[in-house]
Amino acid sequence: MEINGETILTGVFGYPVKHSLSPVFQNAAFRFYGLNWVYIPFEVGPENLKTAIDCIRIFSIKGVNITIPHKRETVKYLDFCDEEVKVLQVCNTIVNENGVLKGYTTDGPGFLRSLKEDGKFAPENKVVFLFGAGGSAYAIAGALVRSGISEIFICNRTEEKAKMMKEHLSGHFGFENIEVVPFEKRNDSSIWKKIDLVVNTTSVGMRYDDIMLVDPENLRQDIFVYDIVYNRETALVFYAKKKKLRFLDGCSMLIFQGAISFTLWTGLEAPIEAMKKAIDAFKIKRP
Ligand code: ATR
């Protein structure tokens, strides 16, 4: 890639940011189209977030992704927020349109596209078991509810947070088929009989010795398994693979949320396969 006076800048603001895979697949997408664009990791400490966002205008940066820990704080510096940002009060993508900063959040839509396009799974009228009640869980549960699932079971180690998420979902979407499952009851087989899709949005699985939250006995052959952990093959994904269940890991969601950002900046369809290929080498396989 040759940088010159015409090069268009994009990047990611995070803290830390060194381990982000976004520069790897976004630059691969630019190369795919032969675009004179570049995607740079910017390590932005919390005290510098406002200044960094001002710099988007000053340096005519076309767009940035926003990652941990800035997704919530960024919202107050935007000139325009899309519906998803208004509902979730988090932003992971900024588009600079002639100095006007527009904020989007692509996690929910990215998850859904990944589920449909990579997983060939149609969420309409399906019953979902969702582990977790953090930021990713809100985005994913919201996307699933909007896509027409019939029922969702939410289970979180801290039950209070699952209850808050239930209130959020019924308040924003008028969706009432939500059951909070106490963490110790997570393997109640009477629930699992009904489940079509299980989604792990917790960080359980990020460490090699992490266990599975769901008892393998409950994973019927026709259940679809989605684990959003992307830095390694989790015990859940390993099991799903071994048992030949349909499954996806977090790399798919990572690519699709990035693909939506790419399209917001460039107006082009994202080259999904080229982006996936770029991160293949970075996946940690189980020994
Ligand atoms: P993110 O924004 O990626 O969703 P988060 O908001 O920090 O991250 O949420 C992390 C989720 O992983 C939470 O649901 C958390 O449960 P708690 O609300 O009880 O903290 C869950 N989590 C983290 N470690 C866990 C563990 N060892 N067992 C079960 N759940 C865990």
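Table for the structure above
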{"quantity": "Nonlocal amide H pairs with Gly63, under 5 Å, H built at 1.01 Å", "calculated": "Gly11, Asn96"}
{"quantity": "Long-range amide H partners of Phe247 with built H, under 5 Å", "calculated": "Val225"}
{"quantity": "Nearest-0.05 FRET efficiency for Phe32 and Ile211, computed from C-beta distance (R0 51 Å)", "calculated": "0.85"}
{"quantity": "Karplus-derived HN-Hα couplings along region 24-34 (A = 6.51, B = -1.76, C = 1.60, θ = phi - 60°), whole Hz, x at Gly and Pro", "calculated": "5, 8, 6, 5, 4, 5, 5, 4, 3, 8, x"}
{"quantity": "Contour excess over end-to-end distance, with Cα ends at Asn125 and Ile3 and 0.36 nm allotted per residue", "calculated": "39.0 nm"}
{"quantity": "Within straight-line cross-link reach of Lys276, aspartates and glutamates at Cα separation under 13 Å, skipping those fewer than 8 residues along the same chain", "calculated": "Asp118, Asp249"}
{"quantity": "For region 170-187, 3J(HN,Hα) per residue [Karplus equation, 6.51 cos²θ - 1.76 cosθ + 1.60, θ = phi - 60°, Hz, x = Gly/Pro]", "calculated": "6, x, 7, 10, x, 9, 10, 7, 10, 10, 8, 9, x, 4, 6, 9, 5, 10"}
{"quantity": "Highest-fluctuation residue, Lys102, Lys277, Lys126 considered, GNM on the chain with Cα pairs under 10 Å", "calculated": "Lys277"}
{"quantity": "Dimensions (Å) - region 53-119, Cα atoms, principal axes, largest first", "calculated": "41, 21, 20"}
{"quantity": "Potential extension, Leu268-Lys185 segment - 0.36 nm per residue separation minus Cα distance", "calculated": "25.3 nm"}
{"quantity": "Under Karplus coefficients 6.51, -1.76 and 1.60, residue-wise ³J(HN,Hα) of region 74-85 in Hz, glycine/proline x", "calculated": "4, 3, 6, 9, 8, 8, 8, 10, 6, 3, 4, 5"}
{"quantity": "Among beta bridges that DSSP assigns inside region 1-102, antiparallel share in %, nearest 5", "calculated": "35 percent"}
{"quantity": "Listed residues Ile195, Ile66, Ile211, most fluctuating in the chain (Gaussian network, C-alpha, under 10 Å)", "calculated": "Ile211"}
{"quantity": "Distance (nanometres) between label positions extended 7 Å along Cα→Cβ at Asn98 and Lys163", "calculated": "5.1 nm"}
{"quantity": "Column: log10 I(q)/I(0), Debye, Cα scatterers of the chain, q = 0.08, 0.12, 0.15 Å⁻¹", "calculated": "-0.34, -0.77, -1.16"}
{"quantity": "Total charge dipole magnitude, region 219-280, about the Cα centre, Cβ charges on Lys, Arg, Asp, Glu only, Debye to nearest 20", "calculated": "380 debye"}
{"quantity": "Whichever lysines have a C-alpha closer than 16 Å to that of Lys242, once near sequence neighbours (fewer than 8 apart) are set aside", "calculated": "Lys285"}
{"quantity": "For region 1-23 and region 103-152, distance of Cα centres in Å", "calculated": "28 Å"}
{"quantity": "Loop GluC sites (Glu not before Pro), region 87-180 (other Cβ atoms within 10 Å of the site Cβ: 13 or fewer; DSSP)", "calculated": "Glu124, Glu176"}
{"quantity": "Largest-first principal axis extents, alpha carbons of region 1-98, Å", "calculated": "37, 30, 24"}
{"quantity": "Percent of C-alpha pairs per 10 Å bin, region 86-223, short to long", "calculated": "11, 40, 35, 11, 3, 0"}
{"quantity": "Sequence-distant residues sharing a close amide H with Cys81 (under 5 Å, placed H)", "calculated": "Gly103"}
{"quantity": "Against the rule of thumb 2.2 N^0.38 Å, how large the Cα Rg of region 153-239 comes out", "calculated": "1.13"}
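Read the figures in this text as sums done on the coordinates, not as results from a lab. None of the values given here were measured: they were computed from a predicted structure. Cβ atoms come from the backbone with ideal geometry, glycine included; neighbour counts cover every protein chain shown.
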